1. Are any residues in the stretch 163-199 in contact (Cβ under 8 Å) with a residue 40 or more places away in the chain, of a type in the set (V, I, T) and out of contact with any Cys (no Cβ under 9 Å at 6 or more places or on another chain), and if so, which ones?
2. Residues of the stretch 119-147 being under 20 Å from the mean Cα position of the chain (by Cα) and in contact (Cβ under 8 Å) with a residue 60 or more places away in the chain, which ones?
3. Say we look at the stretch 138-168 and pick out the residues that are closer than 16 Å to E215 by Cβ and of a type in the set (A, V, I, L, M, F, W, C); which of these is surrounded by the fewest Cβ atoms within 10 Å (Cβ to Cβ)?
4. Can you find, within the stretch 50-105, the residue that is modelled with the lowest pLDDT among those that are more than 14 Å from W20 (Cβ to Cβ) and of a type in the set (S, T, N, Q)?
5. Of all residues in the stretch 159-185, count the ones that are more than 17 Å from K140 (Cβ to Cβ), outside any loop (DSSP other than H, G, I, E, B) and of a type outside the set (A, V, I, L, M, F, W, C).
6. Only one of (1) surrounded by 15 or more Cβ atoms within 10 Å (Cβ to Cβ); (2) farther than 15 Å from L82 by Cα; (3) out of contact with any Leu (no Cβ under 7 Å at 6 or more places or on another chain) is not met by V58, so which one is it?
7. Do we find a residue being in a strand (DSSP E or B) and among the hydrophobic types (A, V, I, L, M, F, W, C) anywhere in the stretch 132-144?
8. Mind listing whichever residues of the stretch 194-251 are assigned to a strand (DSSP E or B), surrounded by 20 or more Cβ atoms within 10 Å (Cβ to Cβ) and out of contact with any Lys or Arg (no Cβ under 9 Å at 6 or more places or on another chain)?
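The values are calculated or read from the model by the stated rules, or taken from the named source; none is laboratory data. All of these numbers come straight from a predicted model, not from anything done at the bench. With ideal geometry, Cβ positions are generated from the backbone for all residues, glycine too; neighbour counts draw on all protein chains shown.
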Amino acid sequence: MSEQRYFIKLSYKGTHFFGWQRQPNAITVQEHIEDALKKMNRNKAVKIMGCGRTDTGVHATEFYAHFEMNPEWDDATFAYKLNCMIPNDIAIHEVIKVPADLHARFSATSRTYHYFIHSEKDPFLNETSWLEKQELDLDKMNAACKMLINHKNFKCFSKTITGISSFNCDVTEAQWTKTPEGYRFSIQANRFLRNMVRAIVGTMVDIGTDKIDFESFQKILDSEERSKAGLSVPPQGLFLVKVAYDNDKNYIS
């Protein structure tokens, strides 16, 4: 029997993981799922491909990955068995049969991230939000968001050693909103560079606290130098919340 390609839709709290991607001597989300799939596959290794990478401490409320296995269970049973074998910090929401050419990473058309900030000390938010007590000027920060949407090269917000050939991203949405606890930043793009969102947030906080003005922000964007932008904010406030796919038959909701 030929192997079937599956997508899994999952979420995870990244606090206790060293990110998504399997790596030596570190506990990752990918490792837990691959180990469970191996047991379900008669002890034969199963490699999975995620829709992207998240760093240590970063969370995902929507994440997709694909893999190939022989179809021995219906999709609901498959998801149930997987959930029984992985930590409670990871949840499998769906297992979906898809065509062999649908790719979790390269078929994705956009990704959306949220970053959360709380403004008062709260022990229940420490692992899912960043404490920043200074009041932020959302009008200025949202004006800067429009500058992001009109920009293409985001090298100034990328880690310096990445191994990629292009730093261009199509940012289609960027907005700051007030929340009961503090603030939320939302950004959508066709692709993201390593550390990009956390560096953008750190620089935008500098705008919201009047440390830099719009002219300085434009110079940072044009500089293509990471050293010119603001500090990266801590990882715990960052969530991958949406991954979109362009498929005619709506295999992925």
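1. Residues satisfying the conditions are T172, T179, V197.
2. N126, E127, T128, S129, W130 - these are the residues of the stretch 119-147 that are under 20 Å from the mean Cα position of the chain (by Cα) and in contact (Cβ under 8 Å) with a residue 60 or more places away in the chain.
3. Initially, the stretch 138-168 is screened for residues closer than 16 Å to E215 by Cβ, giving 140-141, 143-144, 146-148, 150-151, 156.
Now narrow it down to the ones that are of a type in the set (A, V, I, L, M, F, W, C): 141, 143-144, 147-148, 156.
Numbers: M141: 22, A143: 13, A144: 23, M147: 15, L148: 20, C156: 24.
Looking at residues that are closer than 16 Å to E215 by Cβ and of a type in the set (A, V, I, L, M, F, W, C), I get A143.
4. Restricting to residues being more than 14 Å from W20 (Cβ to Cβ) and of a type in the set (S, T, N, Q), the top hit is N70.
5. So the count comes out to 3.
6. Of (1) surrounded by 15 or more Cβ atoms within 10 Å (Cβ to Cβ); (2) farther than 15 Å from L82 by Cα; (3) out of contact with any Leu (no Cβ under 7 Å at 6 or more places or on another chain), only one is false for V58: (3).
7. The first filter runs over the stretch 132-144 and keeps only residues in a strand (DSSP E or B), leaving none.
No - not one qualifying residue is present in the stretch 132-144.
8. Residues of the stretch 194-251 assigned to a strand (DSSP E or B): 238-245.
From what's left, surrounded by 20 or more Cβ atoms within 10 Å (Cβ to Cβ): 238-240, 243.
Once the filter is applied, which keeps residues that are assigned to a strand (DSSP E or B), surrounded by 20 or more Cβ atoms within 10 Å (Cβ to Cβ) and out of contact with any Lys or Arg (no Cβ under 9 Å at 6 or more places or on another chain), the stretch 194-251 yields only F239.
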